[in-house]
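Okay, so here's the structure we're looking at.
Every number in this text was worked out from the coordinates using simple rules, so none of it is lab data. Keep in mind that this is a model prediction, so the values were computed, not measured. Cβ placement follows ideal geometry from the backbone for every residue including glycine, while neighbour counts extend to all protein chains displayed.
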Amino acid sequence: MSDRPNDAKRTKVLWLTSSYPRNEDDSASIFLRYLAEALVKQNVDLLILAPDHSEVQPFRQPPGLVCRHFRYFFPRRLQQLAYGSGILPNLRAAPWLYLQVPFFILSMFVSAAWILLSQRPSLIHAHWIFPQGTVAVLLGKLFRIPTIITAHGGDAFALKGKLMGAVKRWTIKNCNSWTSNTKATSVAFGADLPKPHVIPMGVDYMRFASGNREALIGQLTPEKLILLFVGRLVEKKGVADLLEAYALLPDTLLAKTELWIIGDGNQAGRLKTMATERRINHQVVFYGKQPNNRLPDYYAAADIFVAPSIIDKVGDTEGQGVIFLEALASGLPIIATDVGGIAEIIEHEKYGLLVKAHNARALAEAIEILIINDTLRITLGKNGKIFARAYDWKFIASELSLLYLSISNPSEFKS
């Protein structure tokens, strides 16, 4: 007897992705790992194909889930296109990595083709429109297998230009179905496209709702409020604006607070220098990248979550922002900006405060309001915690598994 749950009528799906946790503690696209683990509990078997990297260390997967990695450059240590700050920031930081792009796409195509031949999945699900989605559509046509593509945001708001726009639109028009994490993400692709299924990414609600503040008691300063940011330290996350705003607070409020920044990326050095130049370095703690299993405790220790995302130089911004769901589930009031799909998650003055992007003064005023107004801070946090329940992974996975079934076996789905 197989040890996989619910063996009867399971749907076998090949995932193509440019990012997936490389080891047990890695947080790279951790939302995909949570989604995958929720899906295998709902009559889905997953074969995940992700890029190789020097930090890949196989870890135990639940029954029904297999993760494989494709090598695209030699020696292995030079495979630097994916992971880290993300493909687009990596390319901007090191233009020589453009040399790896054709090898990346070709290796993904060949590796996926082999899986299709040997494993015979029922459908392909590609995360991000390009290059995974384009590769999936080509393979789907070649092997006559249905394809689903999910847009997460960066593929919608970045990758501009006539040629890339045409490739993305061709990809969407030629897949069997596509999903978008928010309406804002889908609209960014333009009109005259098939209507997407809006299926947001989710959150492990109980995990983040039960973080342990006491686990970080040694890092807490009595009588100080903790402002928290979690995310990659890249331009679109707006951490530079956060530091500017924090430095604008009156000295009395600076003395009552600390700003914790969790994450790493290509702007880390610049942001640390900026904190020193603004003379707030004694109130700002850079924790770097933290194991994902510790994040609930950091959220539990915080009082306010601040993530002032922006539209960066190439037009990229937040499609949804899973970090907001983590903060909501943790009971934190949120200060964010009205860009991308954020406003579809954070309702102003109900779950948090929304301010205009690139406005340090407005951001500072919002921070000051939540520091001073205890009642508002607590109310927003309670409202958000209730709201976040609907985004638990079991609900998101259920919706996606039904989509899989409707496409891979429409006659059974209708029955």
Cα lying deepest toward the dipole's positive end in segment 69-228, options Ala82, Ala156, Ile115, charges on Cβ: Ile115
With +1 on each Lys and Arg Cβ and -1 on each Asp and Glu Cβ, how big is the dipole of the chain about its Cα centre, in debye rounded to the nearest 20? 1320
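Let me have the 222 nm mean residue ellipticity of the chain computed from DSSP H runs of 4+ only, each contributing -39500 (n - 2.57), with the sum over all residues rounded to the nearest 500.
Working: 17 runs with 160 residues, N = 415.
That comes out to -11000 deg cm²/dmol.
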Where nothing but the Cβ of Lys and Arg (+1) and of Asp and Glu (-1) is charged, how large is the charge dipole of segment 1-152 around its Cα centre, in debye to the nearest 20? 400
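So what is the diffusion coefficient of segment 260-299 in µm² per second by Stokes-Einstein at 37 °C and 0.692 mPa s, using a Kirkwood Rh over Cα pairs?
Working: Rh = 11.0 Å.
Translational D for this selection: 300 µm²/s.
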Can you check what the net charge comes to around Ala191, using other residues whose Cβ is under 15 Å from the Cβ of Ala191 (Lys, Arg +1; Asp, Glu -1)? +4
Among Thr11, Thr221, Thr171, the residue with the largest mean-square fluctuation in a Gaussian network model of the chain built from Cα contacts under 10 Å is Thr221
If R0 = 56 Å, then Leu106 and Glu223, at their Cβ-Cβ distance, give a FRET efficiency to the nearest 0.05 of 0.45
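Report the local net charge at Val44: Lys and Arg +1, Asp and Glu -1, summed over other residues whose C-beta lies under 10 Å from its C-beta. The partial results should precede the final answer.
Details: positive: Arg10, Lys12, Lys41; negative: Asp45.
It works out to a net charge of +2.
How high is the relative contact order of the chain, in percent, with contacts defined as C-alpha pairs under 8 Å that are six or more residues apart? Intermediate values should be presented prior to the final figure.
Details: 812 pairs, mean separation 66.2, N = 415.
Relative contact order comes out at 16 percent.
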Chain lengthening between Ala191 and Lys289 when straightened (0.36 nm per residue, less Cα-Cα): 31.4 nm
Averaged across orientations, what area in nm² does the convex hull of the alpha carbons in segment 266-415 project? 12.0
In nm, give the distance between the simple-model label positions of Asn281 and Ser398, each being 7 Å from the Cα along the Cα-to-Cβ direction. 5.2
Could you state the angle between the C-alpha long axis of helix 30-39 and the longest principal axis of the C-alpha atoms of the chain, as a value from 0 to 90 degrees rounded to the nearest 10? 50
Environment charge of Ile335, counting only residues whose C-beta is closer than 13 Å and scoring Lys/Arg +1, Asp/Glu -1: -4
Debye, to nearest 20: dipole size of segment 219-358, +1 on Lys, Arg Cβ, -1 on Asp, Glu Cβ: 400
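Once fully extended, how much extra length lies between Asn373 and Asp251, figured as 0.36 nm per residue of separation less the alpha-carbon to alpha-carbon distance?
42.2 nm
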Please tell me the relative contact order of segment 317-415 in percent, rounded to the nearest whole number, where contacts are Cα pairs under 8 Å and at least six residues apart. 27
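Suppose we look only past 20 Å in the calculated P(r) of segment 1-128. What percent of the Cα-Cα pairs does that tail hold?
Details: 3711 of 8128 pairs.
Roughly 46 percent, once rounded to a whole number.
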